[in-house]
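Below: one structure, written as structure tokens.
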Amino acid sequence: MIAIDGNSLINRAYYALPPLMTKEGLYTNGVYGFLSMLHKLREEYKPAYMIVAFDRKAPTFRHLDYEQYKAGRKKTPAELLSQFPLIKESLSYLKIPSVELDGFEADDLIGTAVRLGQERGLSCMIVTGDKDALQLVSESTRVMITKKGISEFEMYDLEAMQARYQMTPQQFVDLKGLMGDASDNIPGIPGVGEKTGMSLIHQFGSVEALLEHTDQIKSEKLRQKVEENAQLALMSKRLARINTQVPVDIDFSLCRCTQPDWEALTAQFQRLELFSLLARMKK
């Protein structure tokens, strides 16, 4: 099963490609880039199941925990917003279901879908630009992180996680608790970056264990930072943890990959003037 972070990949496509517009004035660079990546994934990995998760505008449980969560993010350009309905329409013609739910992010829906897939004995691959998903890596789940443009990716399995971070996927949440995440406005401990955070996790194993043994931190300056910001670290870890128990109904029979509705898809792609992509898909 391949689970895709829709918002992440659409943003990646939109900013990676030059503006594309139909004769009717519809922007399509996000649509073209996203569907090109999706087609490449289907061709290369030939998944039995696929699902795409989207964020919603409604506040999530993380906003209730921390009012400043994701504060300061730039507004999504109207040229990009207008492409979301086009992509969702195209997914329906491709017979790839999409899922979204007020109060939860795409990450949470992906985490839940993967858990349910694993319970059905499926091997899973998550495709996203958000490294938070690395906490979901397991023996049966890999995470593909978009790296550059719409064609370069990094694949993480348990071995790659160990090689890159020398920690378990579960400990990646602890790392985020210490170093925070500027893109989501998760504070972490001020002054603690990835290198220091990794060192502390290697030494103590978790945020909680670190806070219980701050007397073992050799640097007095770092020890003071940790002790003064203990609650920030705990809150940041909560914000970074993906919820894999979202109350959402995922019908795996609808996620099974099958032939698109070629008539509707052809009409859609002709309207969007995606002629070369349509030819590739039909081939």
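Within straight-line reach of Lys148, meaning a Cα separation under 15 Å, sit the following aspartates and glutamates at least 8 residues removed in sequence or on another chain: Asp130.
Helix-only mean residue ellipticity at 222 nm, the chain, DSSP H runs n ≥ 4 weighted -39,500 (n - 2.57), per residue, nearest 500. What is it? Intermediate results must be reported in sequence, preceding the final value.
Details: 15 runs with 140 residues, N = 283.
Per the formula, -14000 deg cm²/dmol.
Divided by 2.2 N^0.38 Å, where N counts the residues, the Cα radius of gyration of segment 214-255 comes to 2.09.
How would you rank 47-53, 222-228, highest first, on the average number of other Cβ atoms within 10 Å across their residues?
Top of the packing list down: 47-53, 222-228.
Largest first, what is the accessible-area ranking of Cys124, Cys257 with a 1.4 Å probe? Intermediate values should be presented prior to the final figure.
Details: Cys124 5, Cys257 40 Å².
Sorted descending by solvent-accessible area, the residues read Cys257, Cys124.
Take peptides 100-111, 153-164, 33-44 and line them up by average Cβ neighbours within 10 Å, highest first, as a rough protection proxy.
Details: 100-111: 22.8, 153-164: 14.6, 33-44: 18.9.
Taking the mean over residues of other Cβ atoms within 10 Å, the ranking is 100-111, 33-44, 153-164.
Taking segment 210-283 on its own, what percent of its Cα-Cα pair distances exceed 15 Å? Value for segment 210-283 (Cα pairs over 15 Å): 74 percent. Put a dot 7 Å past the Cα of Lys195, heading toward its Cβ, do the same for Glu44, and the two dots end up 3.2 nm apart. Computed from label points 7 Å out along Cα-Cβ, the spacing between Asn185 and Lys221 is 2.9 nm.
Could you do me a favour and compute the accessible area per residue for the chain, 1.4 Å probe, result in Å²?
Values: 13950 Å² over 283 residues.
Ligands and nucleic acids excluded, the figure is 49 Å² per residue.
Comparing Phe275, Thr60, Thr76 along the charge dipole axis of the chain, the residue lying farthest to the positive side is Phe275, per the Cβ-charge model.
Over 22 Å between C-alpha atoms is what I'm after, so list which of Lys46/Lys95; Lys131/Lys195; Lys74/Lys225; Lys70/Lys131; Lys40/Lys95 land there. Correct reply: Lys74/Lys225. When both segment 1-77 and segment 228-269 are represented by their alpha-carbon centers, they are found 11 Å apart.
Note on Glu154 and Lys57: the model spin-label points, each 7 Å out from Cα along the C-beta direction, lie 3.4 nm apart. Projected over all directions and averaged, the alpha-carbon convex hull of the chain occupies 15.4 nm².
Please list Tyr93, Tyr69 in order of solvent-accessible area, largest first, computed with a 1.4 Å probe with all protein chains present.
Values: Tyr93 65, Tyr69 10 Å².
From most exposed to least exposed: Tyr93, Tyr69.
Among Tyr45, Tyr15, the sequence by solvent-accessible area, most first, with a 1.4 Å probe is Tyr15, Tyr45. In the chain, the portion of solvent-accessible area held by carbon and sulfur atoms comes to 50 percent [1.4 Å probe, whole percent, DNA, RNA and ligands not counted].
Which number comes out as Rg/Rh for segment 20-87 once both Rg and the Kirkwood Rh are worked out on C-alpha atoms?
Values: Rg = 16.1 Å, Rh = 14.9 Å.
Radius of gyration relative to Kirkwood radius: 1.08.
Ratio of alpha-carbon Rg to the 2.2 N^0.38 Å globular estimate for segment 146-272, to two decimals, please.
Working: Rg = 20.9 Å, N = 127, 2.2 N^0.38 = 13.9 Å.
Compared with the compact-globule rule of thumb, segment 146-272 sits at 1.51.
How big, on average over all directions, is the shadow cast by the Cα convex hull of segment 43-120, in nm²? Intermediate values should be presented prior to the final figure.
Working: hull surface 28.3 nm².
Directional mean of the projected Cα hull area for segment 43-120 stands at 7.1 nm².
Other residues within the sphere of radius under 13 Å centred on the Cβ of Asn29, judged by their own Cβ, net out at -1 (K and R +1, D and E -1).
The values are calculated or read from the model by the stated rules, or taken from the named source; none is laboratory data. Predicted model, so just to flag it, every value in this text is computed and none were measured. Ideal geometry is used to build each Cβ from the backbone, glycine not excepted, and the neighbour counts take in all protein chains shown. We work out accessible area using only protein heavy atoms, side chains counted, and drop any ligands, DNA or RNA first. Shrake-Rupley method; radii C 1.70, N 1.55, O 1.52, S 1.80 Å.
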